[in-house]
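Heads up, the thing below is written out as structure tokens.
The values are calculated or read from the model by the stated rules, or taken from the named source; none is laboratory data. Just so we're clear, the structure is a prediction, and the values are computed from it rather than from any experiment. In this analysis, Cβ positions are derived from the backbone assuming ideal geometry, glycine residues included, and neighbour counts consider all displayed protein chains. Ligands, DNA and RNA are excluded from the accessible area calculation, which covers all protein heavy atoms including side chains. Shrake-Rupley method; radii C 1.70, N 1.55, O 1.52, S 1.80 Å.
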Amino acid sequence: MDIEAVRRIPMFAALGSEDLKRVATVTRERRYERGELIIMEGDRGGALYYVQSGLVKVFKLSPEGKEQVLRLISAGSTFNDVPALDGGPNPASVAALEPSTVYSISREELRRLISERPAVAEGVIAALALALRHLVGLVEDLSFRHVTARVARILLEQEQALAEGRQVRRLTQQEMAAIAGTAREVVGRALRELEAAGAISVRQGRVHILNQERLQLLAGGPGLMPAL
């Protein structure tokens, strides 16, 4: 791989040319189509993954097959950080939501860099801190916010991601339901409530934001959970 591609991975940005060359030799690139599984919950392997392009979802399935999306990972971010550090099983599954290009870096190489390069250790700490903040926000959302507020937040986050180029298509109602921790029919009712409140309009199945301030209010305030 080209070392400039490796340099774009935030935790490796401060490395010198020799280190980047070494990382490049052990970095693997793979392309995934929409819906394709990238890693399976419970598997072992311990690699660190980086989304070079596209969008992936981190999710868990209940024994009954209900899906709960824990996080959406867009281009420029890593995932599977914990197994890459402790060598344990993958805590969740990951699949592509869009055609995606993903890099993987072995646990052995990551641990070597952490021990030898403080800047890499700082980058890993920052990535873990961001993931923890997200999970705390997810617990807060699922525990204390009404479904309509959760759907409003998803719509606001989606609009921001589309504007910034971190997402190229809109989520389906089924995908929103998996993020909100509810059923597709409940998301449909939440969208109708938001439409009746004058915050959005739904035309031919596509949601358009009419009043962002009102949608923000219905979402529960200005602080958005960093889902992407």
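Across the stretch 165-188, what is the number of residues that are part of a helix (DSSP H, G or I) and either closer than 21 Å to Gln212 by Cβ or not hydrophobic (A, V, I, L, M, F, W, C) (or both)? Matching residues across the stretch 165-188 total 10. Among the candidates Arg7, Arg22, Arg28, single out the residue that is farther than 25 Å from Glu157 by Cβ, of a type in the set (D, E, K, R) and in contact with an Asp or Glu (Cβ under 8 Å, 6 or more places away or on another chain). From the options Arg7, Arg22, Arg28, the qualifying one is Arg22. Looking only at residues in the stretch 16-54 that are under 17 Å from Ser106 (Cα atoms) and either in a loop (DSSP other than H, G, I, E, B) or not assigned by the TED database to the domain that holds Ile105 (or both), the one that is least open to solvent (accessible area, probe 1.4 Å) is Gly46.
Select, from Leu128, Leu162, Leu218, Leu191, the only residue that is in contact (Cβ under 8 Å) with a residue 60 or more places away in the chain, farther than 19 Å from Glu67 by Cα and assigned to a helix (DSSP H, G or I). Every option except Leu218 fails the conditions. Taking residues in the stretch 55-71 that are assigned to a strand (DSSP E or B), and partners anywhere that are open to solvent by 80 Å² or more (accessible area, probe 1.4 Å), the pairs with Cβ atoms closer than 6 Å and at least 6 places apart or on different chains are Glu67/Leu61.
All of Leu135, Leu110 fail the test of being outside any loop (DSSP other than H, G, I, E, B), open to solvent by less than 10 Å² (accessible area, probe 1.4 Å), in contact (Cβ under 8 Å) with a residue 12 or more places away in the chain and not assigned by the TED database to the domain that holds Gln212, apart from Leu110.
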